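A short write-up of the structure that comes next.
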Amino acid sequence: MIVGALLLLALFVFPLWNISLEAPQYPDSIGMYIWINKITDQQPNDIKNINLMNHYVGMKPIPEHMPEFDLFPIVVGTMSLLGVIVGFLGYRKLYITWFIIMAILGTIGMYDFYLWEYDYGHNLDEHAAIKFMDAKGEPLAYQPPLIGNELILNFVARSWPVTGAYLLFLGMGLSVVAFFVDKKEDKAKG
């Protein structure tokens, strides 16, 4: 349990998510890494280039700061500390409680990410230089996928978890393992 809770701290060292765009003009792809407290270039100047392209279709610039960047580090640090305390207390039911709270917080975080992507891809400047329309004459949306790959015009948008997310999932999984190992030990003693 303690190791799992400490693995959450890897989110301060590794990015959580990657969104990249690949197209004929960008065969090596351009993209960004999303951390718990910032967004960074996949390669130098990628965010600048994405913002320049997106400007022409009316998309907002990728933000340098969001309120979530202030909140997420506090949540991660608090949950890691609580997980360590739960591990030292050794109450099996608290292992699952911690896991459930983490799952709820993760779901809220993914929903928040979806809302950000939705706003980013749908709320376009009506005075944009270039307007693409669908078959019905409606403006196209440019929302990247929450997870997976999606074709947006001539770009393949890819959105996948990376190292920080995998270590987070591993840490959460270890709390479940600790619950079942502790349960098995209780049965062996009883």
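Read the figures in this text as sums done on the coordinates, not as results from a lab. Please read these numbers as outputs of a predicted model, since none were measured by experiment. Here the Cβ positions follow ideal geometry from the backbone for every residue, glycine too, while neighbour counts run over all protein chains shown.
Quick rundown of the values:
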quantity: Count of residues meeting criterion [buried (at least 22 other Cβ atoms within 10 Å of the Cβ), under 18 Å from the mean Cα position of the chain (by Cα) and not aliphatic (A, V, I, L, M)] in the range 3-30; calculated: 1
quantity: Tabulated pairs, the range 110-125, first touching a residue at least 40 places away in the same chain (Cβ under 8 Å) and of a type in the set (A, V, I, L, M), second in a helix (DSSP H, G or I) and surrounded by 13 or more Cβ atoms within 10 Å (Cβ to Cβ), C-beta under 7 angstrom, 6+ apart or interchain; calculated: Leu124/Val57
quantity: From the options Ala103, Ala129, residue that is touching a residue at least 40 places away in the same chain (Cβ under 8 Å), in a helix (DSSP H, G or I), loosely packed, with under 14 Cβ neighbours inside 10 Å and in contact with a helix residue (DSSP H, G or I) (Cβ under 9 Å, 6 or more places away or on another chain); calculated: Ala103
quantity: Tyr111 of a type in the set (Ser, Thr, Tyr) and either over 19 Å from the mean Cα position of the chain (by Cα) or surrounded by 14 or more Cβ atoms within 10 Å (Cβ to Cβ) (or both); calculated: no
quantity: Looking only at the range 89-100, and only at residues there that are free of Cβ contacts under 8 Å to residues at least 60 places away in the same chain and of a type in the set (Ser, Thr, Tyr), the one that is farthest from Ile34 (Cα to Cα); calculated: Tyr91
quantity: Filtered residues of the range 135-184 (kept if in contact with a helix residue (DSSP H, G or I) (Cβ under 6 Å, 6 or more places away or on another chain), within 29 Å of Val75 (Cα to Cα) and part of a loop (DSSP other than H, G, I, E, B)); calculated: Gln143, Pro144, Leu146
quantity: Exclusive hit being touching a residue at least 40 places away in the same chain (Cβ under 8 Å) and among the hydrophobic types (A, V, I, L, M, F, W, C), set Ile30, Ile47, Ile2; calculated: Ile2
